[in-house]
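Here the structure comes first, spelled out in structure tokens, and everything after it is commentary.
Computed from the coordinates by the stated procedures, all read-outs in this text should not be read as laboratory data. This structure is a prediction, so every number in the text was calculated from the model and none was measured. In this analysis, Cβ positions are derived from the backbone assuming ideal geometry, glycine residues included, and neighbour counts consider all displayed protein chains.
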């Protein structure tokens, strides 16, 4: 009997407290019932028409020769990006005037990595190649020259050869030299 009485009192108290919390504003006054407006953040990615639209950034990048379905964008007014397909793999190619990682890849890379040195008469560029999950989960190439950092990423299955082929096509087209002595 004590349990039934305690449960009954508890239920009555729940209803009493619930009634106290109801909106006390007059009917039709929606000032307290409307949700506050959410501030929308601007999209940091702005679609552009092509590589020429990157010139105001102080550099340009181009889709590698043989690529398909290229789309161009600028991220946060500072990073040039080209998404494209090459040899059946999707790639994202980025460049920005920074020393920071601009790749946008937040994966755990394999311990084994490779590098390729591109040498011209007045500069040397080292292209760093890394894979994810033995290459089954993609690969990333990064390099820099003259204050511009570059990255080439594929989320598709890639080995060192496939990511280096795509990265070298881009580097040869976008770095300021006519011919490399190393490949």
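Quick notes on this one:
- Selected residue (only one of 115, 126, 144, 151 is closer than 15 Å to residue 172 by Cα and surrounded by fewer than 16 Cβ atoms within 10 Å (Cβ to Cβ)): 126
- Checklist (1) in contact with a strand residue (DSSP E or B) (Cβ under 6 Å, 6 or more places away or on another chain); (2) in contact (Cβ under 8 Å) with a residue 60 or more places away in the chain; (3) surrounded by fewer than 18 Cβ atoms within 10 Å (Cβ to Cβ) applied to residue 61, failing item: (3)
To keep it simple, each residue is scored yes or no on (1) assigned to a loop (DSSP other than H, G, I, E, B); (2) touching a residue at least 60 places away in the same chain (Cβ under 8 Å); (3) touching a strand residue (DSSP E or B) at 6+ places or on another chain (Cβ under 8 Å); (4) under 24 Å from residue 88 (Cβ atoms).
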site: 111; (1), (2), (3), (4): yes, no, no, no
site: 115; (1), (2), (3), (4): no, no, yes, no
site: 125; (1), (2), (3), (4): no, no, yes, no
site: 151; (1), (2), (3), (4): no, no, yes, yes
site: 161; (1), (2), (3), (4): no, no, no, yes
site: 168; (1), (2), (3), (4): no, no, yes, yes
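- The sole residue among 95, 90 that is assigned to a strand (DSSP E or B), in contact (Cβ under 8 Å) with a residue 60 or more places away in the chain and surrounded by 16 or more Cβ atoms within 10 Å (Cβ to Cβ) is 95.
- Of the residues making up segment 74-87, those that are part of a strand (DSSP E or B), surrounded by fewer than 18 Cβ atoms within 10 Å (Cβ to Cβ) and in contact (Cβ under 8 Å) with a residue 24 or more places away in the chain number 1.
- The single residue among 118, 168 that is closer than 18 Å to residue 63 by Cα and more than 18 Å from the chain's Cα centre (by Cα) turns out to be 168.
- Filtered residues of segment 98-110 (kept if closer than 20 Å to residue 51 by Cα and surrounded by 14 or more Cβ atoms within 10 Å (Cβ to Cβ)): 102, 103
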